[in-house]
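Since the structure comes first, as C-alpha coordinates, the remarks are kept for the end.
The values are calculated or read from the model by the stated rules, or taken from the named source; none is laboratory data. The model shown is predicted, which means the values in this text are computed figures rather than measured ones. With ideal geometry, Cβ positions are generated from the backbone for all residues, glycine too; neighbour counts draw on all protein chains shown. With ligands, DNA and RNA removed, areas are computed over all heavy atoms of the protein, side chains included. Shrake-Rupley method; radii C 1.70, N 1.55, O 1.52, S 1.80 Å.
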Amino acid sequence: MTSRSISITRVLSILMIIISLIIVIAVPTGYFLIVHRYMAGSIDAGLELSARDVEALVASNPKTWHFAEIRLQEILGRHINHDNPETQTIRDLQGHTVAQVKEPLSSPVLTRSQSIYDSGIRVGSIEIERSITSLAVRTAIVGACSALMGIVLFLVFWL
(Lines give C-alpha, C1' and ligand atoms only; values in the text may rest on other atoms or scores of the structure.)
Protein backbone atom coordinates (compact mmCIF):
# COMPACT_ATOMS: atom_id res chain seq x y z
CA MET A 1 0.00 0.00 0.00
CA THR A 2 1.12 3.48 -0.66
CA SER A 3 1.36 6.09 2.03
CA ARG A 4 -1.49 7.99 0.37
CA SER A 5 -3.94 5.05 0.68
CA ILE A 6 -2.90 4.49 4.31
CA SER A 7 -3.48 8.16 5.01
CA ILE A 8 -6.96 8.08 3.40
CA THR A 9 -7.85 4.92 5.33
CA ARG A 10 -6.72 6.51 8.59
CA VAL A 11 -8.67 9.73 7.91
CA LEU A 12 -11.84 7.77 7.03
CA SER A 13 -11.46 5.61 10.14
CA ILE A 14 -11.10 8.66 12.37
CA LEU A 15 -14.08 10.28 10.63
CA MET A 16 -16.21 7.16 11.20
CA ILE A 17 -15.17 7.04 14.86
CA ILE A 18 -16.26 10.66 15.26
CA ILE A 19 -19.59 10.05 13.47
CA SER A 20 -20.22 6.92 15.57
CA LEU A 21 -19.49 8.80 18.80
CA ILE A 22 -21.84 11.59 17.76
CA ILE A 23 -24.60 9.03 17.18
CA VAL A 24 -23.89 7.32 20.50
CA ILE A 25 -23.96 10.60 22.46
CA ALA A 26 -26.36 12.87 20.56
CA VAL A 27 -29.31 10.49 20.11
CA PRO A 28 -29.92 9.61 23.80
CA THR A 29 -29.08 13.15 24.93
CA GLY A 30 -31.52 14.63 22.44
CA TYR A 31 -34.19 12.10 23.41
CA PHE A 32 -33.79 12.89 27.11
CA LEU A 33 -33.90 16.65 26.59
CA ILE A 34 -36.99 16.56 24.35
CA VAL A 35 -38.99 14.23 26.60
CA HIS A 36 -37.87 16.10 29.75
CA ARG A 37 -39.06 19.38 28.18
CA TYR A 38 -42.38 17.74 27.26
CA MET A 39 -42.79 16.42 30.81
CA ALA A 40 -42.03 19.84 32.32
CA GLY A 41 -44.58 21.44 30.00
CA SER A 42 -47.16 18.85 30.98
CA ILE A 43 -46.55 19.56 34.67
CA ASP A 44 -46.74 23.32 34.05
CA ALA A 45 -50.11 22.89 32.31
CA GLY A 46 -51.42 20.86 35.26
CA LEU A 47 -50.11 23.50 37.65
CA GLU A 48 -51.88 26.24 35.73
CA LEU A 49 -55.20 24.40 35.80
CA SER A 50 -54.95 23.51 39.49
CA ALA A 51 -53.79 27.01 40.48
CA ARG A 52 -56.69 28.59 38.61
CA ASP A 53 -59.20 26.39 40.45
CA VAL A 54 -57.53 26.98 43.83
CA GLU A 55 -57.49 30.75 43.20
CA ALA A 56 -61.26 30.61 42.54
CA LEU A 57 -61.71 28.90 45.92
CA VAL A 58 -59.43 31.45 47.60
CA ALA A 59 -61.39 34.32 46.04
CA SER A 60 -64.66 32.94 47.42
CA ASN A 61 -63.20 32.35 50.93
CA PRO A 62 -60.12 34.57 51.31
CA LYS A 63 -59.80 34.22 55.09
CA THR A 64 -60.64 30.53 55.48
CA TRP A 65 -59.52 28.92 52.20
CA HIS A 66 -56.73 26.98 53.85
CA PHE A 67 -59.24 25.12 56.06
CA ALA A 68 -61.07 23.66 53.04
CA GLU A 69 -58.73 20.66 52.83
CA ILE A 70 -61.30 18.29 51.31
CA ARG A 71 -62.21 20.73 48.52
CA LEU A 72 -58.54 21.44 47.85
CA GLN A 73 -57.76 17.72 47.62
CA GLU A 74 -60.66 17.36 45.22
CA ILE A 75 -59.21 20.13 43.04
CA LEU A 76 -55.80 18.42 43.08
CA GLY A 77 -57.38 15.06 42.26
CA ARG A 78 -59.11 16.49 39.18
CA HIS A 79 -55.85 17.38 37.47
CA ILE A 80 -53.69 14.44 38.53
CA ASN A 81 -51.80 12.64 35.78
CA HIS A 82 -52.70 8.94 35.89
CA ASP A 83 -50.00 7.91 33.40
CA ASN A 84 -47.11 9.00 35.63
CA PRO A 85 -47.15 8.89 39.44
CA GLU A 86 -46.98 12.35 40.97
CA THR A 87 -47.47 14.21 44.21
CA GLN A 88 -49.38 17.48 44.33
CA THR A 89 -49.09 19.76 47.35
CA ILE A 90 -50.68 23.08 48.29
CA ARG A 91 -48.74 25.14 50.84
CA ASP A 92 -49.56 28.38 52.60
CA LEU A 93 -47.17 31.32 52.87
CA GLN A 94 -45.44 29.80 55.90
CA GLY A 95 -44.74 26.61 53.96
CA HIS A 96 -47.24 24.45 55.87
CA THR A 97 -48.98 21.78 53.84
CA VAL A 98 -52.65 22.68 53.41
CA ALA A 99 -53.66 19.80 51.11
CA GLN A 100 -51.83 17.00 49.39
CA VAL A 101 -52.50 14.19 46.95
CA LYS A 102 -49.56 11.85 47.31
CA GLU A 103 -48.48 8.84 45.30
CA PRO A 104 -45.30 6.88 45.97
CA LEU A 105 -42.47 8.27 43.84
CA SER A 106 -39.07 6.83 43.07
CA SER A 107 -36.06 9.10 42.68
CA PRO A 108 -35.16 11.14 40.71
CA VAL A 109 -38.13 13.50 40.59
CA LEU A 110 -38.96 16.60 38.58
CA THR A 111 -40.46 19.33 40.78
CA ARG A 112 -42.32 22.39 39.55
CA SER A 113 -44.27 24.97 41.56
CA GLN A 114 -46.49 27.95 40.99
CA SER A 115 -47.74 30.68 43.28
CA ILE A 116 -51.39 31.05 44.25
CA TYR A 117 -52.74 34.62 44.33
CA ASP A 118 -55.74 36.40 45.79
CA SER A 119 -56.31 39.80 44.17
CA GLY A 120 -52.66 39.99 43.15
CA ILE A 121 -51.34 39.08 46.61
CA ARG A 122 -49.48 35.79 47.00
CA VAL A 123 -51.29 33.54 49.50
CA GLY A 124 -49.57 30.21 48.89
CA SER A 125 -48.16 27.87 46.30
CA ILE A 126 -48.93 24.64 44.55
CA GLU A 127 -46.20 22.10 43.79
CA ILE A 128 -46.12 19.00 41.60
CA GLU A 129 -43.43 16.33 41.84
CA ARG A 130 -43.22 13.62 39.19
CA SER A 131 -40.80 10.72 38.99
CA ILE A 132 -38.53 10.64 35.94
CA THR A 133 -37.35 7.09 36.55
CA SER A 134 -39.23 5.81 33.49
CA LEU A 135 -37.61 8.55 31.40
CA ALA A 136 -34.17 7.51 32.65
CA VAL A 137 -34.87 3.86 31.79
CA ARG A 138 -36.16 4.74 28.31
CA THR A 139 -33.13 6.98 27.75
CA ALA A 140 -30.83 4.09 28.71
CA ILE A 141 -32.61 1.85 26.19
CA VAL A 142 -32.31 4.52 23.48
CA GLY A 143 -28.62 4.91 24.44
CA ALA A 144 -28.00 1.18 24.13
CA CYS A 145 -29.71 1.07 20.73
CA SER A 146 -27.80 4.10 19.47
CA ALA A 147 -24.52 2.59 20.73
CA LEU A 148 -25.29 -0.59 18.85
CA MET A 149 -26.15 1.45 15.76
CA GLY A 150 -22.90 3.42 16.09
CA ILE A 151 -20.85 0.23 16.39
CA VAL A 152 -22.59 -1.38 13.40
CA LEU A 153 -22.12 1.79 11.33
CA PHE A 154 -18.42 1.91 12.20
CA LEU A 155 -17.92 -1.78 11.39
CA VAL A 156 -19.74 -1.48 8.06
CA PHE A 157 -17.55 1.38 6.90
CA TRP A 158 -14.40 -0.10 8.41
CA LEU A 159 -14.85 -3.44 6.62
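Placing pseudo-labels 7 Å out from each Cα toward the beta carbon at D83 and L159 gives an inter-label distance of 4.0 nm. Rounded to the nearest 20, the size of the Cβ-charge dipole of segment 38-116 about its Cα centre is 180 debye, with Lys and Arg at +1 and Asp and Glu at -1. Across segment 117-128, rounded Karplus estimates of 3J(HN,Hα) from the backbone phi angles (6.51 cos²θ - 1.76 cosθ + 1.60, θ = phi - 60°) give 10, 10, 6, x, 9, 5, 10, x, 8, 10, 10, 10 Hz, Gly and Pro being marked x. Rounded to a whole number, what % of the accessible area of the chain do carbon and sulfur atoms account for, probe 1.4 Å? That fraction is 65 percent. Here are a few candidate values for mean projected area of the Cα convex hull in nm²: (i) 15.1; (ii) 14.1; (iii) 12.8. Which one was actually calculated from the structure I just gave you? After the calculation, the listed value that fits is (iii). Of I126, I14, the order by accessible heavy-atom surface (1.4 Å probe, DNA, RNA and ligands excluded), from most exposed downward, is I14, I126. Along the charge dipole of the chain, Cβ charges K/R +1 and D/E -1, which of L49, A26, I151 sits furthest on the positive end? Toward the positive end, the furthest listed residue is I151. Ordered from highest to lowest accessible area with the whole protein assembly present and a 1.4 Å probe, W158, W65 read as W158, W65.
Based on DSSP H segments of at least four residues, each scored -39500 (n - 2.57), the chain has a per-residue ellipticity at 222 nm of -21500 deg cm²/dmol.
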